[in-house]
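The values are calculated or read from the model by the stated rules, or taken from the named source; none is laboratory data. Keep in mind it's a predicted model, so treat the numbers as computed, not measured. In this analysis, Cβ positions are derived from the backbone assuming ideal geometry, glycine residues included, and neighbour counts consider all displayed protein chains.
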């Protein structure tokens, strides 16, 4: 295996190789979870791969998710058993084999109030039991995701003290998967692909594509280059249609609000709140390991030009606060919102109707000039999407490689949960870096200044910034604040950390040259 570290010198070296005429088997355009997954799948089969991304790893939709690893319950409710089963299988693969260190079981509370009809309660529990059937069919052990059950009022309030007590008559408790951080999954996938020899090149913008060539520009220097490949794969997500005219997508906007630690008392349990007038739609209060709580989400079609970084509409803010407040002891207001984010889902265009009704199935499309485009899907099933895309590329190009290996290929830092519990490092670091956590911690032990938090309001240390630059491909301050640490989700946190991060990034980049 090759070193899985991504950094500026490696980027420059590998970019020079491509600019000098080196041909690769596959060029992947797009550095989100699907593109990074494709790079890993292909490189692990022994193919030579170059991934180019115009911004940073996880810059687009992949970092704006609810951080959930869904088991397919929503698709089961729509009658799509195949998609629900696929989602449950992929959730199990992530949580038990490929990324136990980046995933966790998330308790989900469905509070039942006097206004909740017995029929509605029975409907929700039937769905949860069906979801547990998917979990068993996917062979995910109950020690990872326990089965659902009904709990009394006292237990519901112990798990989520911020619930309104008025009319509360108990709750349903279920479990689903969650990511420690979606952007970290993307970075880890890319680093694992790099360890198999894939060239992972950020700040490289695709200008023109055909089936065997990419005209690209290094946005750091302005230099252009032609990249030659046996096949080109377009994994640009919601922006795929801007590279291939024949691709037709129906973007959907999903908004989330970020509540600062202590704003709403939900403990470590998410709260699922039914949307009034909807039979199978919920708003979620999602507690994060750092104490923040994400409140989401919406699902509305987006018309017009695609923004590189979407914003949350004011109407979504009001909607989310209003629905969440229906089960809380106090009304949430705009003063409780510390930050917000929105992501664009690359849904395959279908008949007119709500974006919530469009299928989350993925598809591999072939354009007239030979470019393969992977569209649709969702974060949980990125691995299957990547496998299908590489299979299609092999068929289209005549390349020969073995079957996909990624169902049992651990990502960097992965280990069984029992082993992770014995890693000699702080639990917070183990949750982010897995078995690599001692190496991150060691930076702060060698240099005590690096072991200190970036500012008084965070546990994130200077060592994590240095690690991001040396090993995770961070090239500037924004990469660190936005995607390696997620401090920018709350503007005040980012502002407090920015001076120290800027100093550390500059020193780390200098030290690499």
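Of the numbered conditions (1) at pLDDT below 95; (2) over 30 Å from residue 429 (Cα atoms); (3) buried (at least 21 other Cβ atoms within 10 Å of the Cβ), residue 320 fails exactly one; give the number of that condition.
Of (1) at pLDDT below 95; (2) over 30 Å from residue 429 (Cα atoms); (3) buried (at least 21 other Cβ atoms within 10 Å of the Cβ), only one is false for residue 320: (1).
Of these, 295, 233, 257, which one is over 30 Å from residue 429 (Cβ atoms) and modelled with pLDDT of 90 or more?
Only one candidate qualifies: 233.
So which residues in segment 483-503 are in a helix (DSSP H, G or I), out of contact with any strand residue (DSSP E or B) (no Cβ under 7 Å at 6 or more places or on another chain) and buried (at least 24 other Cβ atoms within 10 Å of the Cβ)?
483, 487, 493, 497, 501 - these are the residues of segment 483-503 that are in a helix (DSSP H, G or I), out of contact with any strand residue (DSSP E or B) (no Cβ under 7 Å at 6 or more places or on another chain) and buried (at least 24 other Cβ atoms within 10 Å of the Cβ).
Looking at residue 469, is it in a helix (DSSP H, G or I) and surrounded by 23 or more Cβ atoms within 10 Å (Cβ to Cβ)?
yes
Evaluate segment 504-513: report whether one residue or more is assigned to a helix (DSSP H, G or I), more than 26 Å from the chain's Cα centre (by Cα), closer than 18 Å to residue 439 by Cβ and in contact (Cβ under 8 Å) with a residue 60 or more places away in the chain.
yes
How many of the residues in segment 212-224 are in contact with a helix residue (DSSP H, G or I) (Cβ under 8 Å, 6 or more places away or on another chain) and buried (at least 18 other Cβ atoms within 10 Å of the Cβ)?
Result for segment 212-224: 1.
Can you say whether residue 315 is loosely packed, with under 15 Cβ neighbours inside 10 Å, modelled with pLDDT of 90 or more and part of a loop (DSSP other than H, G, I, E, B), as far as the supplied structure shows?
So residue 315 fails the test.
In this structure, does residue 322 turn out to be in a helix (DSSP H, G or I), over 18 Å from residue 178 (Cα atoms) and without any contact (Cβ under 8 Å) to a residue 12 or more places away in the chain?
Judged against the criteria, residue 322 is a match.
Please count how many residues of segment 323-350 are within 30 Å of residue 236 (Cβ to Cβ) and either at pLDDT 95 or above or buried (at least 20 other Cβ atoms within 10 Å of the Cβ) (or both).
9
For segment 52-66, does any single residue satisfy the condition of being surrounded by fewer than 23 Cβ atoms within 10 Å (Cβ to Cβ) and over 28 Å from residue 2 (Cα atoms)?
yes
Among the numbered conditions (1) modelled with pLDDT of 95 or more; (2) within 21 Å of residue 180 (Cβ to Cβ); (3) not in a helix (DSSP H, G or I), tell me where residue 475 comes up short.
With (1) modelled with pLDDT of 95 or more; (2) within 21 Å of residue 180 (Cβ to Cβ); (3) not in a helix (DSSP H, G or I) applied to residue 475, the lone miss is (2).
Can you pull out the strands (runs of 3 or more DSSP E) entirely within segment 158-254 that have at least 3 residues that are touching a residue at least 24 places away in the same chain (Cβ under 8 Å), over 22 Å from the mean Cα position of the chain (by Cα) and farther than 30 Å from residue 135 by Cβ?
204-210, 213-218, 224-234
Those residues that are part of a helix (DSSP H, G or I) and free of Cβ contacts under 8 Å to residues at least 40 places away in the same chain, I need them from segment 97-135; list them, please.
Result: 118, 119, 122, 126, 129, 133.
The conditions are (1) in contact with a helix residue (DSSP H, G or I) (Cβ under 9 Å, 6 or more places away or on another chain); (2) not assigned by TED's automatic domain parsing to the domain that holds residue 284, and residue 108 fails exactly one of them. Which is it?
For residue 108, the exception is condition (2).
Considering each of 431, 363 in turn, give the residue that is surrounded by fewer than 22 Cβ atoms within 10 Å (Cβ to Cβ), within 30 Å of residue 24 (Cβ to Cβ) and touching a strand residue (DSSP E or B) at 6+ places or on another chain (Cβ under 8 Å).
363
In this structure, is residue 76 in contact (Cβ under 8 Å) with a residue 24 or more places away in the chain, more than 21 Å from residue 389 (Cβ to Cβ), surrounded by fewer than 24 Cβ atoms within 10 Å (Cβ to Cβ) and outside the structural domain of residue 231 (by TED's automatic domain parsing)?
Here the answer is yes, as residue 76 does meet what is asked.
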